[in-house]
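**Q** This is the structure I want to talk about, given as structure tokens.
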Amino acid sequence: MTSKLEILEGNVAKIDMTIDAKEAQDAYNRAFKRISQNVNIAGFRKGKAPKNIVEKYVGTERIKAEAIENLFPKAFSDVTTEHKLDLAVQPYIESYEFETGKDLTMVVKAELKPEVKLAKYKENTIEYEEYKAEENALENELDTIRQRFSTLQTVEEDREAKSDDTVVFDFEGFVGDKAIEHGAGKNYTLDLAHSNFIPGFAEGLVGHKKGEEFTIDVTFPENYHQDELKGAKAQFKINLHEIKTRILPELDDELAKKAGKFETLEALKADINKYIEETTVAENERRKTEAVFSKVFEDTKIDIQESMIDREIDAIREETKQNALRHGQNFDELVEKEGKDEVNKKFKDEAIKRIKNSLIVEKIAKTEDIKIGQNDILEQVNQLAQMYHTTGAQIFEEIRQNPAGFSVITQQIATKKVNDILLNNNTFKAK
């Protein structure tokens, strides 16, 4: 087999392939035999019809097509190795000439990945925003635990509601004289310190006593999800029934036992401190990785062809559609709302970023001769299983049904290994 390579516009490789007559004829004969054994021709037992009858019945082009289909994968694999081709998509046969007793010639085209002019990715000094845990991080965590095991107690005294109280009330909202749809409730309980109502609502309940009836004036945010209420001025009639205060438990060994498998408060504190330290280390490693990769990304030059970008845009658009569907949203309405041009620009920017990220990781992985072994795959699958609360077996079953998932996993593994190289071979300086 011989081949001749020509690079066309758009980073497309045109390969003229020639397979010698004997190999081509052998492939034709094998294809003929398989087809003849499975075709039913009137007047002949299966597999016993003469060659000329079979060829006339099924057509020689069908036999040639199957012969080429069987020959092509191995032949093109050799071409890829010979010319060191880095394919962006699967190749396709543009044309062929196949006559008995003559060499088989094919014109094959394949889009290649663009050249990556990789920036210096080792021995750099990289500045990053250092993460530091808050000085009172331990106290905040302990306070969160106390809040988790707190109880609510009805306030019996005749006092006004405070900003950290929980209140029970009826409400009815109006814009002008028109009642707000779904804007009323009975015996609604609201934690005033953690309100998810519109701004100003919880604050309007502070300072009032149980039994009071009063009105709160508020303004809906401009980005409110209901168009007719965006920026609207509204009034809510309130009937305050009850005020409750939160009682926090003592910070002691008993609370530690409730919070987890800790015998003492000191053991709980030690565990929290360990978590804070590990979180700090992990966050700073993430920031360092992000900083050095951003530097490599910025300085690496890649001329990405439009066809590659268009395919990635299609993939992003489909992802976005599926995500909208999962959340009960209409994709076309979302596009119309944000603006088609703005959405298309966003998709294109994201497509270029994804492609460039992927090509940089791949280039570093090749340069460093990174290998992905069975243990790497098992470890990644187990991590994914924990993340999505499923089993490794289920992940493997999904990969079996959708083989593209395997490339996603290997890409994740390669990215981790590349990140390790970037972390271990550069110097980092906190800003």
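The values are calculated or read from the model by the stated rules, or taken from the named source; none is laboratory data. It should be emphasised that the depicted structure is a prediction, and the values quoted were computed from it without experimental measurement. Here the Cβ is made from the backbone with ideal geometry for all residues, glycine too, and neighbour counts use every protein chain on show. When the accessible area is computed, the model is the full protein with side chains, heavy atoms only, and any ligands, DNA or RNA have been set aside. Shrake-Rupley method; radii C 1.70, N 1.55, O 1.52, S 1.80 Å.
**Q** Tally up the carbon and sulfur contribution to the accessible surface of the chain as a whole percent, 1.4 Å probe, everything protein left in place. Can you show the working numbers first?
**A** Details: 12930 of 27490 Å².
Carbon and sulfur together cover 47 percent of it.
**Q** Given +1 on the Cβ of Lys and Arg, -1 on the Cβ of Asp and Glu, and no further charges, what dipole in debye does the chain carry about its Cα centre, rounded to the nearest 20?
**A** 2640 debye
**Q** Which of the chymotrypsin sites (Phe, Trp or Tyr not before Pro) across the range 339-403 are loop residues per DSSP, with 15 or fewer other Cβ within 10 Å?
**A** Filter output for the range 339-403: 388.
**Q** Tell me the net charge near residue 251. Cut-off is 11 Å between Cβ atoms, residue 251 excluded, with +1 for each Lys or Arg and -1 for each Asp or Glu.
**A** Net charge around residue 251: -4.
**Q** Along the charge dipole of the chain, Cβ charges K/R +1 and D/E -1, which of 80, 273, 365 sits furthest on the positive end?
**A** 80
**Q** Give me the percent relative contact order of the chain, please, defined on Cα pairs under 8 angstrom at least 6 residues apart.
**A** Values: 550 pairs, mean separation 70.7, N = 431.
Here the relative contact order equals 16 percent.
**Q** Using a Gaussian network model of the chain with C-alpha springs under 10 Å, which one of 133, 184, 270 is most mobile by mean-square fluctuation?
**A** 184
**Q** Moving to a separate point now. In whole Hz, with x marking every Gly and Pro, tabulate ³J(HN,Hα) for the range 100-115 from phi via Karplus 6.51 cos²θ - 1.76 cosθ + 1.60, θ = phi - 60°.
**A** Using θ = phi - 60°, the values come out as 4, x, 10, 4, 8, 10, 9, 10, 10, 10, 8, 7, 9, 6, x, 5 Hz.
**Q** Another question, if that's okay. Taking θ = phi - 60°, what integer Hz values does the Karplus form 6.51 cos²θ - 1.76 cosθ + 1.60 yield along the range 137-143, in sequence order, with x for Gly and Pro?
**A** In residue order, the calculated couplings are 4, 4, 5, 5, 5, 5, 5 Hz.
**Q** Here's a follow-up. To the nearest 20 debye, what is the magnitude of the charge dipole of the range 45-189 about its Cα centre, counting +1 on the Cβ of each Lys and Arg and -1 on the Cβ of each Asp and Glu?
**A** On the way: 22 positive and 32 negative charges, 460 e Å.
Magnitude of the dipole: close to 2200 debye.
**Q** Are there trypsin sites (Lys or Arg not before Pro) in the range 251-339 that DSSP marks as loop and that have at most 14 other Cβ atoms within 10 Å, and which are they?
**A** 261
**Q** Which whole-number percent of Cα pairs in the range 116-210 have a distance greater than 16 Å?
**A** Distances greater than 16 Å cover 73 percent of the Cα pairs.
**Q** What whole number of Å gives the distance from the Cα centroid of the range 358-383 to the Cα centroid of the range 14-81?
**A** The distance from the Cα centre of the range 14-81 to that of the range 358-383 comes to 39 Å.
**Q** Using a 1.4 Å probe and ignoring any ligands, DNA or RNA, find the accessible area of residue 358 and quote it in Å² to the nearest 10.
**A** We get 40 Å² for residue 358.
**Q** Now for a different question. Going down the table (346/431; 132/301; 4/356; 74/122; 84/371; 371/429), which pairs top 27 Å between alpha carbons?
**A** Values: 346/431 31 Å; 132/301 34 Å; 4/356 29 Å; 74/122 38 Å; 84/371 19 Å; 371/429 30 Å.
Flagged as over cut-off: 346/431; 132/301; 4/356; 74/122; 371/429.
**Q** Is the chain rounded, prolate or oblate when judged by the Cα gyration tensor, a ≥ b ≥ c being the square roots of its eigenvalues, rounded requiring a/c under 1.5 and prolate requiring a/b larger than b/c? Don't skip to the end; give the middle numbers.
**A** On the way: a/c = 2.67, a/b = 2.07, b/c = 1.29.
Prolate shape, in that a/c is at least 1.5 and a/b is the bigger ratio.
**Q** Among all lysine pairs in the range 242-284 that are eight or more places apart or on different chains, how many have alpha carbons less than 22 angstrom apart?
**A** Taking the range 242-284 as the scope, the lysine pair count is 6.
**Q** Can you give the angle from 0 to 90° between the axis of helix 60-83 and the longest principal axis of the chain, with both taken from C-alpha atoms, to the nearest 10?
**A** For helix 60-83, the angle is close to 70 degrees.
**Q** Now for a separate question. In square angstrom, what is the accessible area per residue of the chain with a 1.4 angstrom probe?
**A** Working: 27490 Å² over 431 residues.
Accessible area per residue: 64 Å².
**Q** I would also like to ask the following. Per DSSP H run of at least 4 residues, take -39500 (n - 2.57); add these up for the chain, divide by its residues and hand me the 222 nm value, nearest 500 deg cm²/dmol. Can you show the working numbers first?
**A** Numbers: 13 runs with 209 residues, N = 431.
Result for the chain: -16000 deg cm²/dmol, rounded to the nearest 500.
**Q** Kindly write out, for the range 259-274 in residue order, the coupling ³J(HN,Hα) from the Karplus curve 6.51 cos²θ - 1.76 cosθ + 1.60 (θ = phi - 60°), rounded to whole Hz, with x marking Gly and Pro.
**A** 6, x, 7, 10, 7, 9, 5, 5, 5, 5, 4, 4, 5, 5, 4, 4
**Q** So what are the radius of gyration and Dmax for the Cα set of the range 337-431, in Å?
**A** When restricted to the Cα atoms of the range 337-431, Rg and Dmax are 17.1, 47 Å.
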